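Comments concern the structure below.
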Amino acid sequence: MARVPLDPSRTPLTRLAAWYSRRAYGKVLDPLMALAHNRRVLVSDSLFELSVARWKKLDPGLKDLAVMASSAAIGCSWCMDFGYWESRRRGVSHEKLRDVPRWRDSQVYTPLERDVLEYAEAMTATPPVVEDELVERLRGRLGEAALVELTAMVAVENLRSRVNSALGLTSQGFKDRCDVPARPGA
């Protein structure tokens, strides 16, 4: 159960945020309504997320796996639910998303995907336990710009997952409505 009410004051800003959320995702996102209790936090977070969405150096499928691995390591059910839905919309296979929490025992990942999952988990640990050899393998395969983006993406997901978990936000049912193959070009 959410630790803050998800019905903040109806201001022009919260109405705009709710409209955009319904239009983009089909429903009003609980994290958005939780953050709406503090106008500056909501505005800053929204601008930041719009900026993050424009990062394009890292393959989207690798980015999705890194985000899901970080969410799983933290235990954010809201992030896992929404991340699954978004990743399926972008064409990541159900099997890969399903196996993220147990990726070491799964046979569905490429060696690069395994390195990305390991990196996301290592970065998410407190304190982080990233090894030089892993970073060198990723830098060699991805290049420096994509490695920096991967690192930043895992850090962003740590922020999201920790905020959502601390505020008691749980699944909103996105996963229940996403097991339809993504449309080509969607």
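The values are calculated or read from the model by the stated rules, or taken from the named source; none is laboratory data. Bear in mind that the values here come from a model prediction, so they are computed numbers and not experimental data. Please note: Cβ atoms are built from the backbone with ideal geometry, for glycine as well, and neighbour counts cover all protein chains shown. To get the accessible areas, we keep the full protein, side chains included, count just its heavy atoms, and leave off ligands, DNA and RNA. Shrake-Rupley method; radii C 1.70, N 1.55, O 1.52, S 1.80 Å.
A few remarks follow.
- Rounded tilt (10° steps) of 39-52 against the dominant C-alpha axis of the chain: 40 degrees
- Annotation: Cα Rg of the stretch 1-105 relative to the compact-globule expectation 2.2 N^0.38 Å equals 1.18.
- Structural size metrics of the chain, computed from C-alpha coordinates, are Rg and Dmax of 16.7, 51 Å.
- 3J(HN,Hα) couplings calculated from phi for the stretch 163-169 with the Karplus curve 6.51 cos²θ - 1.76 cosθ + 1.60 (θ = phi - 60°) are, in sequence order, 5, 4, 5, 5, 7, x, 7 Hz; Gly and Pro show x.
- Other-chain or far-sequence residues with amide H under 5 Å of A36's (modelled H): none
- Legend: residues K57, K27, sorted from most to least accessible area (1.4 Å probe; ligands, DNA and RNA excluded), read K57, K27.
- Between G168 and R3, the built amide H atoms are under 5 Å apart, and every one of these is 5 or more places off in sequence or on another chain.
- Rounded FRET efficiency, nearest 0.05, which uses the C-beta distance separating R39 from T110 and R0 of 45 Å: 0.55
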